[in-house]
1. Can you list the DSSP H helices in the chain whose Cα atoms extend at least 24 Å along the helix axis and whose mean Kyte-Doolittle hydropathy is -0.5 or higher?
2. Relative contact order of region 502-593, please, whole-number percent, based on alpha carbon pairs below 8 angstrom and at least 6 residues apart.
3. When ligands, DNA and RNA are left out and all protein chains stay put, how many square angstrom of accessible area per residue does the chain have with a 1.4 Å probe?
4. Just grab the label-to-label distance for residue 559 and residue 591, each label 7 Å out from Cα along the Cβ direction, in nm (one decimal).
5. What does the charge add up to near residue 607, with Lys and Arg as +1, Asp and Glu as -1, over the other residues with Cβ less than 13 Å from its Cβ?
6. For the chain, what does -39500 (n - 2.57) per DSSP helix run (n ≥ 4), summed and divided by total residues, give at 222 nm, in deg cm²/dmol to the nearest 500?
7. What part of the accessible area of the chain, given as a whole %, is carbon or sulfur when the probe is 1.4 angstrom?
8. Compute the Cα gyration tensor for region 531-597, then decide on rounded, prolate or oblate, letting a ≥ b ≥ c be the square roots of its eigenvalues: rounded whenever a/c is under 1.5, prolate when a/b is larger than b/c in the other cases, and oblate in all that remain.
Amino acid sequence: MKAIYKRELKSYFCSFTGWLFVAVNLFMMGLYFIVYNMLIGYPTIAYVLQSIAFTFIVTIPILTMRVLSEERKNRTDQLILTAPVSVGKIVLGKYLALLTVLALPVAFMGVLPFFLMQGGEVQLGVSYASLLGFFLYGGLALAIGLFLSALTESVVIAAVLSFGALFLGYIMPGIANLLTTTGTTAVTTAIARILSCFDMVGRFDTLASGYFELEAVVYYVTASGLALFCTAQVIQKRRYSVSGGGIKLGAYSVSGIMMAVVLTVALNLGLNYVPEQYSSFDLTENRLYALTEETKAFLGELSEDVTIHVLAEEGAGDADLEKTLARIKDQSGHVRVNYVSPSKNPNFYQNYTQEAPAAGSLIVEGEKRSRVVDYNDIYTYEMDYATYSYQTTAYDGEGQIVSAIAYVTTEDMPVFYAIGGHGELELEDKFINAMEKENVSCEQLMLYSVDEIPDDAQGVILNAPTNDYSKEDADKVISYLNQGGNALIVSTMAEGEMTNFQSILSCYGVTEIEGTIVEQDRSFYYQNPYYLFPNIEPAGVTEPLTDGLVFAPFSRGLSYDESREDVYCTPLLTTSGSAFSKTDITDSSDYSKGAADIDGPFAVSLEVEKSTEDGSISHAYIVGGESLFTSLADEMAPGNNVKLFCSMISSLADHESTVAIPVKSLSMPNLVFNAQTAYIAAVVCVIVIPLAALAAGFVIWFRRRRR
């Protein structure tokens, strides 16, 4: 086999064919690498490899068409057939030589992620998983080309057959998807599943997404092995035909191929019974597909049976969502996933809701209640004003599903009332959705319309009122708090006196410090001394933030009376000792300290517990910055402001643990290269290296022609 391998490898690089294959692939790799990685700044080479995979449809037939067909045509295969080498070793030697040719451009691509590190953080896991998928896909294409080359002595026919087979394998995902979207009968579904066995790129795309599936690797290896086995059978048949054993070998060849097919199918199907957590691994930086520790802990304690109805055909829905569902099912024996065919049971949703949810939606059903998770809520979309189209920016499959499971299994549903009517800042959808994921209901309440806070209130939210409360409204809130009620109170920079609002804070012994905090310690602010990154104090509610920052622009300091025995205050967010409160801001660019300014340090947020006369405890969180719980502030410390909000709401709702899983961002920080680096890389990758490969091939071919 070693001699066959050397002979074949030498034939590729002593002719123009091998060098042409390497040069074309290097050129395509270099071209897309410059565009995607150097210019656009993608931190992974996955997009490059996915974009150039189509080149195999043309380049691999050119590489493989002569391997066996030309030898058969020239009758030089007789020497191999009569050689004291097994047919399997002959085929394997030729195949390994082809893999070596493919490995050269792949090896070059494997070096590029380290070069990209000069421009920022590179997703190495995703890059090398995609590189492995690219190599395995190429290896399968080579095995198919080798097999088809063994069927004919015509080089042209071998090339055409290879092109057709690889083209069908490349477009097969589209064909299968077309069948499932145009009709979901049992027949079309069965046909689509059969066709998916011939999908050569779908599993490569899975690996390129950073989701390492053992099934994908086994598919490429076993399919390549099957193609090589069939090639060996074709050659073996011809070898025995030469010696007069053709009839007997014909039966042997067919039965052997059938057994190989059955074994290949059985091995691939067997992997479906391996739990997802053992057969796949998440290599993405933001752990897009893996379950969080919070989810694992929650599912581990689940004691009630839950059924998740998926309004889609199994295998025909959202691939990312199916991965999440499989992992959740594997994590808990109490979770069952049921796929409902929209064509067979189009009105299934009417058992749970009157409004028809989007295709691919989920219905989570427990013993107490059910909840619909609309497919449109699984992803987050934002408008890209450069293209005037919506872009998918985040994935929330895990968060939505876990929230729904918690909702259908929880005993009670706490209600929070957001007080209105005083110019309060309205909670944005991001924070309302976070409350819903925490399985807390948020309702608007106008104090003038009620005599007291409703009895079912788990807490009230006073979110940065710009107008003072009336005496009657303030008394209603204070009365509620003195009876053990809970509150989230956000201070504001309102103009004029806020005497009655201050009286609500006073019942906790808390006072707003006049002015706006100016931070003088550079490590406690971002660009502007008013843009605070306060210190996060250790506490139960701040535990989810231990590895992050909270952005609190234009905040007001809070002080509290430490002498009161009925109130216990815990600072959550604090400034440095060099901070001060500027009492008169006439110029927002003036950060100098005046004589009337107040020295720090300050608390920006407090946790307060107050003992009431009836022996109950009133629990409150007080925040000194009206911008803390806004989307703009949350984007500066991605997700952490929302995490703090969820943690506070969860604590006030008396949840034992928070199950509000943050949305997982799909966006990646772009790499940045200067123009000179990009220009040099473009010249080297697109021009110099491919031309060098072509020149080497031409020189070798020309010298051999002159001999």
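The values are calculated or read from the model by the stated rules, or taken from the named source; none is laboratory data. These numbers were taken from a predicted model, which means no experiment stands behind them. As a convention, Cβ positions derive from the backbone with ideal geometry for all residues, glycine included, and neighbour counts pool all protein chains shown. To get the accessible areas, we keep the full protein, side chains included, count just its heavy atoms, and leave off ligands, DNA and RNA. Shrake-Rupley method; radii C 1.70, N 1.55, O 1.52, S 1.80 Å.
1. Span-like helices, by this rule, are 16-33, 87-116, 124-149, 155-182, 214-242, 246-270, 689-706.
2. Relative CO of region 502-593 lands at 39 percent.
3. 47
4. It is 2.5 nm.
5. Local charge sum for residue 607: -2.
6. Rounded to the nearest 500, the figure is -14500 deg cm²/dmol.
7. Here it works out to 57 percent.
8. oblate
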